[in-house]
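The values are calculated or read from the model by the stated rules, or taken from the named source; none is laboratory data. Everything numeric here is computed off the predicted structure, so don't read it as measured data. Glycine gets a Cβ as well: all are built from the backbone with ideal geometry, and neighbour counts include every protein chain shown. Heads up: the accessible areas ignore ligands, DNA and RNA and are worked out on the full protein's heavy atoms, side chains in. Shrake-Rupley method; radii C 1.70, N 1.55, O 1.52, S 1.80 Å.
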Amino acid sequence: MFRIGLGVRVESDGSAHGGGRSTATGRGVWLRKWPEGPSRASPLSQARIAGAAVALLDEGGPDRLTMRGLAQRLQVSATALYWHVTSREDVLDLAFDHVFAQVRIPEPGPEWTLDVERLVVGWHAAMLRHPWSPALVGRPMLGPNVLARTESLQSALVRGGLTGRTLALATHLLANYAIGAALVEATWQRGQDPAVRAEAQAHLAARTDLYPTLNEHGHLDDRWPDEELFAAGVHTILGAVTHDAAARRTRRRP
């Protein structure tokens, strides 16, 4: 669902590492070769670390996540934690991928568009359940859960006849739409205050001469739920992309 990012990343200590360097942090948690040793058989695992990190992030956002706090949540020493991760950046990568494990991968059905819609709608919903997650998009997307769902998305699009430029276009449109919608909705939900919303509506209503269309069509009303609009948007994107692909095939015919 994402363009895989392997560029420069900034670690918690402020240093930057390029994706091609051999340093442990620069390679990222997904590309690093972990050492073998007796401690690797301990009950602590990257999956447990990811689950605990998600819980901390849900409680207080990225500012709440510290290596010391994570070790305390897991009831382990910092030394044990650092055997499985090298930095807070590793933990954020694990946590983000963990969110995607909640997105059900649909079984391929006769209607490929329904498979795409279910996957993208599920992805959007998962990000909203963890409102800190949309802001982490742009990190290296090489986790098994992200890759499995990206594979499922592109597989469904290919079954629909999309290839090459059209496949890339559809993937980008769907990914950017889901990311942007989740980010805006998560930000709005965090700052949602009924009193402020009422003031905003009154502000708009007092300026019908300046914003007649916004007032007439209820710009700040909740007449359509966000999830309903989002699902309709996915459907619209798929319709536009498939129409474009069909038009291109027609123009190429002799």
| message | Take T150 and tell me if it is in contact (Cβ under 8 Å) with a residue 24 or more places away in the chain, in a helix (DSSP H, G or I) and open to solvent by 10 Å² or more (accessible area, probe 1.4 Å). | response | yes
| note | Only unsatisfied item for A175, checking (1) modelled with pLDDT of 85 or more; (2) surrounded by fewer than 12 Cβ atoms within 10 Å (Cβ to Cβ), is (2)
| Does any residue of the range 121-131 turn out to be open to solvent by 20 Å² or more (accessible area, probe 1.4 Å) and in contact with a Gly (Cβ under 7 Å, 6 or more places away or on another chain)? | no
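Here is a list: H203, H172. Which entry is in a helix (DSSP H, G or I) and within 29 Å of G61 (Cα to Cα)?
Numbers: H203 fails: within 29 Å of G61 (Cα to Cα).
Unique residue meeting the criteria: H172.
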| field | Meets criteria (in a loop (DSSP other than H, G, I, E, B), farther than 30 Å from T250 by Cβ and open to solvent by less than 50 Å² (accessible area, probe 1.4 Å)) for L142 | value | yes
| remark: Within the range 110-147, of all residues that are free of Cβ contacts under 8 Å to residues at least 24 places away in the same chain and not acidic (D, E), the one farthest from H98 (Cα to Cα) is P110
| remark: When (1) modelled with pLDDT under 90; (2) over 28 Å from L162 (Cβ atoms) are applied to V54, the one that fails is (1)
| field | helices (runs of 4 or more DSSP H) wholly inside the range 41-120 that include at least 3 residues being over 30 Å from A240 (Cβ atoms), touching a strand residue (DSSP E or B) at 6+ places or on another chain (Cβ under 9 Å) and open to solvent by less than 20 Å² (accessible area, probe 1.4 Å) | value | 88-100
| task | Would you check if there is a residue in the range 182-195 being part of a helix (DSSP H, G or I), over 27 Å from R118 (Cβ atoms), out of contact with any strand residue (DSSP E or B) (no Cβ under 6 Å at 6 or more places or on another chain) and without any contact (Cβ under 8 Å) to a residue 24 or more places away in the chain? | result | yes
| Unmet requirement for D244, which otherwise passes all of (1) farther than 30 Å from L136 by Cβ; (2) assigned to a loop (DSSP other than H, G, I, E, B); (3) acidic (D, E) | (2)
| Taking R197, is it of a type outside the set (A, V, I, L, M) and open to solvent by 50 Å² or more (accessible area, probe 1.4 Å)? | no
